[in-house]
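Colleague: Take this structure first; my questions come after.
The values are calculated or read from the model by the stated rules, or taken from the named source; none is laboratory data. Keep in mind it's a predicted model, so treat the numbers as computed, not measured. Because the Cβ atoms are built from the backbone with ideal geometry, glycine has one as well, and the counts that use them run over all protein chains shown. Calculation scope for accessible area: heavy atoms of the full protein, side chains included, ligands and nucleic acids excluded. Shrake-Rupley method; radii C 1.70, N 1.55, O 1.52, S 1.80 Å.
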Amino acid sequence: MQFFVIFCASLVFFVQAEYFYERPNGTEFLEEEKERFGLCAAQCYCGLPNVNRIIGGSLVRHNKYPWTAQLLRGRWHARLFCGGSLINDRYVLTAAHCVQNNRAEITVRFLQLDRSSRDPGITRQVAQTIVHPQYDPSRIVNDIALLKLNAPIEISSYIRPVCLPNIYDNFDNRNAVVAGWGLVKEGGVTSNNLQEANVPIITNQECRQTRYKNKITDVMLCAGLVQTGGKDACQGDSGGPLIVDEGRYKLAGVVSFGYGCAQVNAPGVYTRVSKFINWIGENTRDGCYCYS
């Protein structure tokens with residue numbers, strides 16, 4: 001048994017939003033909370049796709065998930081090494097194992113569906129990396145990190161952040177989408193095009209009945225086809241989004257680890273974002289959140 005850490009018609013409508021103070025979980029700020037999360041009012045909505053090959057997945061077209069980010073290492077011949085999700089105009093959420101001890105210059109790229117094209121998309125450098133203080137690389141627990149961009153992203157009809165869940169969301173038994181540019185199969189090559197795969201979220205109790213057993217903690221969630229395999233994230237997808245459609249897409253998980261890719265009895269394991277909402281809020285006070 002070999003264990004891999006995964007390094008891994010849409011809804012095009014636009015509405016004129018009012019200005020709102022909003023928590024990361026999508027509800028309006030109370031007055032006493034505005035100082036904590038930053039005095040910011042963003043005129044936008046999170047979690048709206050622009051339209052309707054991770055393994056077993058399909059090609060994404062037309063920047064469907066405009067919050068999905070490539071993390072690139074190096075300056076001149078930058079290489080994809082992980083994914084991430086834009087959560088407000090200044091911060092990208094990713095996996096801690098992607099960036100801990102990574103001293104190379106990191107570029108974050110949005111809106112480049114095809115990595116072989118000359119279209120550069122939108123790029124930013126990382127000004128600050130914030131790894132969760134309780135991240136444990138030996139157990140891959142609390143595998144979550146924030147990347148502060150060197151300049152804000154102008155939220156528009158083309159690029160928007162994903163919605164964050166609230167602290168009570170667990171998404172058990174829900175269908176989810178994982179998206180990224182990682183390996184198209186175990187031992188294969190990375191994809192030039194953004195891929196998506198539909199995967200069911202299972203309960204942690206069910207996940208502990210798989211090959212992971214007691215490795216699964218309450219800050220994780222599992223998603224995949226336990227009995228058959230065939231759909232999963234893979235190396236290069238780490239840090240990328242696992243999203244659930246609730247009218248607007250919520251970020252249920254961050255791609256974290258797995259035994260191989262798309263194997264039977266080994267679903268993908270994700271960081272459970274709802275467990276980290278307070279930590280995210282405390283560390284992104286200078287970012288503008290969209291209304292959800």
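Colleague: Looking only at residues in the range 196-235 that are open to solvent by less than 10 Å² (accessible area, probe 1.4 Å) and within 25 Å of N63 (Cα to Cα), which one is modelled with the lowest pLDDT?
Modeller: D232
Colleague: Now for a separate question. Would you mind telling me which numbered condition in (1) at pLDDT below 95; (2) in a helix (DSSP H, G or I) W279 fails?
Modeller: (1)
Colleague: Could you name every one of the strands (runs of 3 or more DSSP E) located completely within the range 84-181 that has at least 2 residues being modelled with pLDDT of 95 or more and not polar (S, T, N, Q)?
Modeller: 91-94, 122-131, 145-149
Colleague: Right, another one. Answer yes or no: is there a residue in the range 104-116 that is open to solvent by less than 60 Å² (accessible area, probe 1.4 Å), out of contact with any Asp or Glu (no Cβ under 7 Å at 6 or more places or on another chain) and within 18 Å of D286 (Cβ to Cβ).
Modeller: yes
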